[in-house]
1. Tell me which of these ALA296 doesn't satisfy, since it passes every other one: (1) in a helix (DSSP H, G or I); (2) outside the structural domain of PHE88 (by TED's automatic domain parsing); (3) closer than 23 Å to MET178 by Cα; (4) of a type in the set (Gly, Ala, Ser).
2. When you look at PHE217, is it aromatic (Phe, Trp, Tyr), more than 20 Å from HIS168 (Cβ to Cβ) and in contact (Cβ under 8 Å) with a residue 12 or more places away in the chain, yes or no?
3. Looking only at residues in segment 201-215 that are at pLDDT 85 or above and over 23 Å from ALA104 (Cβ atoms), which one is surrounded by the most Cβ atoms within 10 Å (Cβ to Cβ)?
4. When only residues in segment 235-293 that are of a type in the set (Phe, Trp, Tyr) and in contact (Cβ under 8 Å) with a residue 40 or more places away in the chain count, which is farthest from ASN76 (Cα to Cα)?
5. Kindly establish whether ALA36 is modelled with pLDDT of 90 or more, in a helix (DSSP H, G or I), hydrophobic (A, V, I, L, M, F, W, C) and surrounded by fewer than 17 Cβ atoms within 10 Å (Cβ to Cβ).
6. Go through segment 260-283 and give me each residue that's in contact with a Lys or Arg (Cβ under 6 Å, 6 or more places away or on another chain) and farther than 19 Å from GLY93 by Cα.
7. Any residue in segment 67-79 that is part of a loop (DSSP other than H, G, I, E, B), of a type in the set (Lys, Arg) and either surrounded by 19 or more Cβ atoms within 10 Å (Cβ to Cβ) or assigned by TED's automatic domain parsing to the domain that holds ALA164 (or both)?
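The values are calculated or read from the model by the stated rules, or taken from the named source; none is laboratory data. Source: prediction; values computed, not measured. Cβ placement follows ideal geometry from the backbone for every residue including glycine, while neighbour counts extend to all protein chains displayed.
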Amino acid sequence: MSRETVRFGHTELPERQATILRRAIRLEWITIGFLAVTVTLVFLVLGNSQAMKAAWIEDLLSFIPPIAFLVAVRVNRRLPTRRHPYGFHRSVGVGHLVAAVALATMGSYLLVDSSIGLIRAEHPTIGTIELFGSSIWLGWLMIIVMACTALPPVIIGRIKLKLADELHNKVLYADADMNKADWMTAVGSIVGVTGIGLGLWWLDAAAAIFIAGSILFDGIRNLRAALADLMDERATTFDDKKPHPIAEQIDDHLRGLPWVADAGSRMRDEGHVFHVESFVIPKDDIVPTLDQLESARQECIDIDWKVQDIVLVLTRDLPVVVAPH
C-alpha cells in the first residue's frame with residue numbers, strides 16, 4: 001500500500017491510522033504464511049486422532065478472517081457511487097458475516113462428528129513411522145508440531161487486538177480473538193494424542209469435542225455481532241462490549257453551540273466508519289444560517305476520523321430513539 005494518502009471511501013485516514021493499517025495488512029499476510037506452514041505440518045502428522053483432525057480443520061478455517069480483512073480493505077477504499085451512495089464500507093460487515101457462518105457451520109459439524117465418535121466408543125490408533133532409520137511413534141511428532149505452532153498465533157493475536165481497536169475493524173478483532181485462543185486448540189490436541197498413547201481412547205474424542213465447541217462458540221458470537229451491525233444496531237466499540245462514545249461526544253458538542261437548545265444522534269456502523277444523523281432543536285425556533293449549519297457539521301466530523309458523514313436535521317422535538325431517557 002502506498003505511503004501517500006490512505007482513504008476509506010471519502011474518509012482520509014490520519015497518519016497514525018494509515019501506519020497502523022499498513023501494519024495490520026503485513027500481519028495478516030504473515031498470518032496467512034504461518035497458517036500455510038501449520039496446515040501442511042498438521043496434515044503430514046494427522047493420523048487417526050479426532051482431536052488432530054479438529055485442530056487441522058480449525059487451522060483451515062483460520063484462513064477466512066485474514067483473507068476477508070485483506071479483501072475488505074481493498075473494496076472499502078473505493079469512493080461512493082450513485083449506486084452505492086454510502087460507499088463500500090459494508091464489505092467489512094460482509095467479511096465478518098462470511099467468517100462467522102463458516103466457523104459456526106464447521107463447529108457444528110465437528111461437534112456432532114466428535115460426539116458420535118465418543119458415543120460409538122471408537123478407539124483410534126496411532127502407528128509408527130520410520131524417521132532417520134529409526135521407528136518413532138507418530139504421536140510424538142503430533143505433540144511436537146502442536147507445541148511449536150501454539151505460541152506464535154497468541155503473540156500475533158494480541159498485537160492484532162490493539163490494531164483492531166485503532167482501526168475499529170471487527171473482522172480484524174475476530175481474527176485476533178481466534179489467534180489469541182489458538183493455544184487452547186493446541187493443548188487440547190496434545191491431551192487427545194497423549195490419551196491415545198496412554199490407552200485412554202475417550203480423551204481424544206473429548207479433546208475434539210472441546211475444540212469443536214470452541215470453534216462453534218466463536219462462530220455464534222461473531223455471527224450475532226455481524227448480523228447486528230448489518231441490521232443497523234446502535235454502533236458499538238470494536239469488541240461489541242458497549243455503545244461507541246462518539247455519538248455522545250457529537251451530542252455534547254452540538255448542545256454546546258449557542259443556537260442549539262437540544263440535540264440527539266443515531267449512529268450506524270458502516271465498517272471502519274460511522275454514518276451519523278443528528279437531530280437538532282434550535283433555540284427559540286430560530287432557523288440557523290447555512291454557515292452555522294455547515295460549521296456545526298464540519299466540527300462534528302473533526303471530532304473523530306471515523307465520522308464518515310453526518311446529516312444535521314432541524315426539528316421541534318427529538319425522535320424517541322435518540323431522546324434521553
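1. All conditions are met except number (3).
2. yes
3. So the residue we want is ASP204.
4. This residue is PHE279.
5. Criteria met by ALA36.
6. Matches in segment 260-283: ALA261, ALA263, GLU277.
7. So far as segment 67-79 goes, yes, one or more of its residues are part of a loop (DSSP other than H, G, I, E, B), of a type in the set (Lys, Arg) and either surrounded by 19 or more Cβ atoms within 10 Å (Cβ to Cβ) or assigned by TED's automatic domain parsing to the domain that holds ALA164 (or both).
To keep it simple, each residue is scored yes or no on (1) in the same structural domain as VAL280 (by TED's automatic domain parsing); (2) of a type in the set (Val, Ile, Thr); (3) part of a helix (DSSP H, G or I).
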| position | (1), (2), (3) |
| --- | --- |
| ALA206 | no, no, yes |
| ALA212 | no, no, yes |
| ALA226 | no, no, yes |
| LYS241 | no, no, no |
| PRO258 | yes, no, no |
